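*Asks:* Okay, here's the structure, questions in a sec.
The values are calculated or read from the model by the stated rules, or taken from the named source; none is laboratory data. Because the structure is a prediction, the values reported are computed rather than measured. All Cβ positions, even for glycine, are placed from backbone atoms using ideal geometry, and neighbour counts span all protein chains on display. SASA here: full protein model, heavy atoms, side chains in, ligands and nucleic acids out. Shrake-Rupley method; radii C 1.70, N 1.55, O 1.52, S 1.80 Å.
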Amino acid sequence: AQSDGNSRGIYTTTNGSGYTSSFGGTSSACPLGAGVAALILDANPALTWRDVQAVMIESARLNNPGNPNWTTSVAGYDLNVNYGYGALDATAATTLASTWINLPPETSSTSGQVNVNSSVPDNDTTGLTRVGNIPVDFIVESVEVKLNVSHNNVGDLYIKLTSPSGQNSVLAKDRNDSTNNYNNFIFTSNRHFGESSMGDWILSVSDRDAGTTGTWSNFTLTVYGHDSAGAGMTLSTSGLYGGATSLVDVNNGSANT
């Protein structure tokens, strides 16, 4: 959502009777984002929060196209570590919301607790890698990692999740942060929106600064999303008659689902 920068800002009222053209930061972006969400729900009050999120992603506008960090996600969306899926576009979002068919009910699957119980090599970019398997195939909306690492300086740690399709999510970069330990700490990523859930998800943890060591105990991966077969599925028939065989047409769905 729009903030300030590059010698530009948001034009709005001040606390007094005047105006400013240099408003920005999260103080600008948060209410603008909330305003777009309100407009989406005004266009279609039947939407859930998951539908609002999906509408925002599907209607986002590619901003600052010259930025070198733009990539195409595995699911085909524009994606940027600086801008996410792009800038919120209120007109595009409300237009899409007005004809949006609600997502099927939320489904989820978990790897269960994956035990590691290994020391993380100090000052080593390779670190440790472990796999969490998701045995169910559905369309991803978000991914959650619950992590347990004993370390007296979590800023040393670089944590990356890679989906079965090869899409990376950097959950934490090495930085100046002397906080102790990740105790059932939950990371959430939306970078895998639209991907398939099924397969091996690879989690890597590396300690990229010398001096403080730690132990990776375990993690649990949970993927949330929806079944593709339920999206807009319709059934039609010329008629059902007792004792007779009738033909039912299934559109936008698998008959076995």
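*Asks:* Report yes if some residue within region 50-59 is open to solvent by 40 Å² or more (accessible area, probe 1.4 Å), over 19 Å from the mean Cα position of the chain (by Cα) and not basic (Lys, Arg); otherwise report no.
*Replies:* Within region 50-59, the subset open to solvent by 40 Å² or more (accessible area, probe 1.4 Å) is 53, 56, 58.
Filter again for over 19 Å from the mean Cα position of the chain (by Cα), leaving none.
Within region 50-59, not a single residue is open to solvent by 40 Å² or more (accessible area, probe 1.4 Å), over 19 Å from the mean Cα position of the chain (by Cα) and not basic (Lys, Arg).
*Asks:* Which residues, counting only those in region 1-40, are in a loop (DSSP other than H, G, I, E, B), touching a strand residue (DSSP E or B) at 6+ places or on another chain (Cβ under 7 Å) and either open to solvent by 60 Å² or more (accessible area, probe 1.4 Å) or not polar (S, T, N, Q) (or both)? Don't jump to the end; show me each part of the working.
*Replies:* Taking region 1-40 and keeping what is in a loop (DSSP other than H, G, I, E, B), we get 1-4, 6-7, 9, 14-18, 24-25.
Keeping just the survivors that are touching a strand residue (DSSP E or B) at 6+ places or on another chain (Cβ under 7 Å) gives 2, 4, 9, 14, 24.
Matches in region 1-40: 2, 4, 9, 24.
*Asks:* Would you call residue 198 modelled with pLDDT of 95 or more, of a type in the set (A, V, I, L, M, F, W, C), closer than 30 Å to residue 101 by Cβ and open to solvent by 80 Å² or more (accessible area, probe 1.4 Å)?
*Replies:* Judged against the criteria, residue 198 is a match.
*Asks:* Among the residues of region 65-122, how many are outside any loop (DSSP other than H, G, I, E, B) and without any contact (Cβ under 8 Å) to a residue 12 or more places away in the chain? I'd like the intermediate steps shown before the answer.
*Replies:* Going through region 65-122, the residues outside any loop (DSSP other than H, G, I, E, B) turn out to be 71-72, 78-80, 84, 87, 90-98, 107-120.
Filter once more, keeping what is without any contact (Cβ under 8 Å) to a residue 12 or more places away in the chain: 71-72, 91.
Matching residues across region 65-122 total 3.
*Asks:* What number of residues within region 140-190 are outside any loop (DSSP other than H, G, I, E, B), within 21 Å of residue 126 (Cβ to Cβ) and touching a helix residue (DSSP H, G or I) at 6+ places or on another chain (Cβ under 9 Å)?
*Replies:* Here is the first cut: in region 140-190, the ones outside any loop (DSSP other than H, G, I, E, B) are 140-151, 154-162, 168-172, 182-189.
In the following step, the residues that additionally are within 21 Å of residue 126 (Cβ to Cβ) were identified as 145, 147-151, 154-162, 168-172, 182, 187.
Okay, now just the ones that are also touching a helix residue (DSSP H, G or I) at 6+ places or on another chain (Cβ under 9 Å), so 172, 182.
Number satisfying all stated conditions: 2.
*Asks:* On to the next question. Restricting the search to region 91-113, which residues are of a type outside the set (Ser, Thr, Tyr) and open to solvent by 70 Å² or more (accessible area, probe 1.4 Å)? Talk me through it step by step, then tell me what you get.
*Replies:* Initially, region 91-113 is screened for residues of a type outside the set (Ser, Thr, Tyr), giving 92-93, 96-97, 100-106, 112-113.
Of everything in region 91-113, those that are of a type outside the set (Ser, Thr, Tyr) and open to solvent by 70 Å² or more (accessible area, probe 1.4 Å) turn out to be 101, 105, 106, 113.
*Asks:* Is there a residue being modelled with pLDDT of 95 or more, more than 28 Å from residue 203 (Cα to Cα) and open to solvent by 30 Å² or more (accessible area, probe 1.4 Å) anywhere in region 69-87?
*Replies:* No: zero hits.
*Asks:* What's the number of the condition residue 125 fails, among (1) of a type in the set (Val, Ile, Thr); (2) part of a strand (DSSP E or B); (3) surrounded by 13 or more Cβ atoms within 10 Å (Cβ to Cβ)?
*Replies:* Failing condition for residue 125: (3).
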